[in-house]
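Trainee: Below you'll find the structure I mean.
Nothing in this text is a laboratory measurement; each read-out follows from the coordinates by a stated rule. Remember, it's a predicted structure, so these values are computed and weren't measured experimentally. Cβ coordinates were reconstructed from backbone atoms using ideal geometry, including for glycine residues, and neighbour counts include every protein chain displayed.
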Amino acid sequence: MTIKRWWGLAVLLVGWGCLVACRGPVAPWDSTATAVPQASPVPATATATPAAPHPTATTAPTAVASPATGHDPLGPFAWNPILEGWTGGAIGHWDLAPDGALWVVGETSVGRFHAGVWTLYPVTADLILGFDALGRTWLAAEDGASVAMWDGATWTGYEAASGWRAAGSLRKLGWYANVSDVVTDARGQLWLATWQDVRIFDGVGWRVLSPEEMGFTPSEEMLEYGFDFSLTEIALDSAGDVWVADCAWMGPGPMGQGARWFDGEVWKGQDSPVVATGCIEDIEVDVSGRVWAGVDGELWRYTPGEGWEQFPHPALAGDDGLRWGWIVDIALGDPDTVWVTLSPCGGASCDSGRHLVYRVHAGAWAPVLDTELTDLVFTGSDAGWLCALDGLYRVVGQSAEKAAGEEAGGCRIARGPDGRIWLTVPRAPGFWTWAGAGN
């Protein structure tokens, strides 16, 4: 879960160098793995087996000596020298896999760091789509023309012949992120939402669903202004239903056609009193399988088999002319707590970059922070971390305390399966980590 309209990636790319323009013309599935030991006794044994019809030789593991470099701590986050064995060039997108591996997209390679070893794959990719329930890693080219899958032994590429369609420019981060994470349904099928459609992978090929096939219909306002659908989120609830949401931030303000869900037989939601229409930027499913959604500026929760419950919000405090606005992010805490990020409206604009963060506990709203967020992570308890343009904040309950100043501004943050928190900043190529008590 990240802030959907995070613009820090542009700064990140400037700070860390070119990614796409510096690459050679390598097909996504042409791969030769090079395992690069970091300072660790674990032997480097990982190799990639290239998928036909593009076989390439597999190189032997190569140790790379790098000078020890470091940076000052960022609050309680210590510099992590993990990149000392990295040889894949400037780093862009990164993500943490369920098995604890760190995946990064570099200028010349895609890399996986696990058990003290870097394994480098010279594949062309620009973003990490995510990790499915079968343990596979999915990557994509920024132009949306192809995707690639790593199953632990082999890279496989998918283009038009597999049913994949050119998806246009894909972005996982940025003010206009337009591709979701991946989810896996009860049949083992992978689902992915781009801004314009939903794509289903059955293990062999892809099927592409248009918004109309899912029960979305354009409103009169969309037709008047010439807006297209803009799918924002995909999620899986406890009943196994797949949810898809829509919201476009254009013209007179955010507008959308709500959410639809697929129960394994048909698409539902067209007649829902809550999600038939409305801008929905985020859907989250809690540990109890309940679905949380921000519909325009209202917070709702759906319990399968029971229905919808609303959590009314307070009026905005102050006299600065702000209106309540739209919910752009929901983060899950303990079973009775969610954190809601609001993009308030002022004058004719609802997309100013300003964010108001609220803690909603047992239905009661409490303001936490007023800032310009770039990323956030909560730890499953009543605490978390917020990245903002002016620094890094530690959140406990409904209070937020600045942990690091502008040197951490624009940071990106994520939590690994072991509870360790990873952080990057635009100003320096590298990682900081924290494994404090309670995380």
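Trainee: Roughly how far apart, in whole Å, are the Cα centres of the range 248-325 and the range 329-385?
Mentor: Computed from Cα coordinates, the inter-centre distance equals 15 Å.
Trainee: Okay, moving on. What FRET efficiency comes out for the pair Ala161/Phe311, r = Cβ-Cβ distance, R0 = 45 Å, nearest 0.05?
Mentor: That pair, Ala161 with Phe311, gives E of 0.40.
Trainee: Another question, if that's okay. Residue separation times 0.36 nm, minus the C-alpha to C-alpha distance between Ser381 and Asp143: what's the value?
Mentor: Stretched fully, the Ser381-Asp143 segment lengthens by 81.9 nm.
Trainee: Let me ask something else about it. Please list the non-local residues whose amide H lies under 5 Å from the amide H of Ala404, H modeled 1.01 Å from N, same-chain partners needing a gap of 5 or more.
Mentor: Answer set, sorted by chain and number: Leu392.
Trainee: In terms of the ratio Rg/(2.2 N^0.38 Å) built on C-alpha atoms, what value belongs to the range 189-347?
Mentor: It is 1.06.
Trainee: List every residue whose amide H lies under 5 Å from the amide H of Gly256, counting only residues 5 or more places away in sequence or on a different chain, with H placed 1.01 Å from N in the peptide plane.
Mentor: Result for Gly256 returns Ala248, Gly278, Cys279.
Trainee: To the nearest 20 debye, what is the magnitude of the charge dipole of the range 355-439 about its Cα centre, counting +1 on the Cβ of each Lys and Arg and -1 on the Cβ of each Asp and Glu?
Mentor: 220
Trainee: When only Cα pairs under 8 Å and 6 or more residues apart are kept, what is the percent relative contact order across the range 63-214?
Mentor: 12
Trainee: Between Leu223 and Ser210, what is the label-to-label distance in nm when each label sits 7 Å out along the Cα-to-Cβ direction?
Mentor: It is 1.5 nm.
Trainee: For labels at Ala153 and Asp202 in the simple 7 Å Cα→Cβ model, what's the distance in nm?
Mentor: 2.5
Trainee: Local charge sum around Gly75 (other residues, Cβ-Cβ under 11 Å, Lys/Arg +1, Asp/Glu -1)?
Mentor: Value of the local net charge: -1.
Trainee: Shifting gears a bit: So if R0 is 30 Å, what FRET efficiency would Glu407 and Thr87 give, r being the distance between their Cβ atoms, rounded to the nearest 0.05?
Mentor: In this case the efficiency is close to 0.65.
Trainee: So if we plug the beta-carbon distance of Asp370 and Asp99 into 1/(1 + (r/R0)^6) with R0 = 22 Å, what FRET efficiency do we get, rounded to 0.05?
Mentor: Once rounded, the FRET efficiency stands at 0.05.
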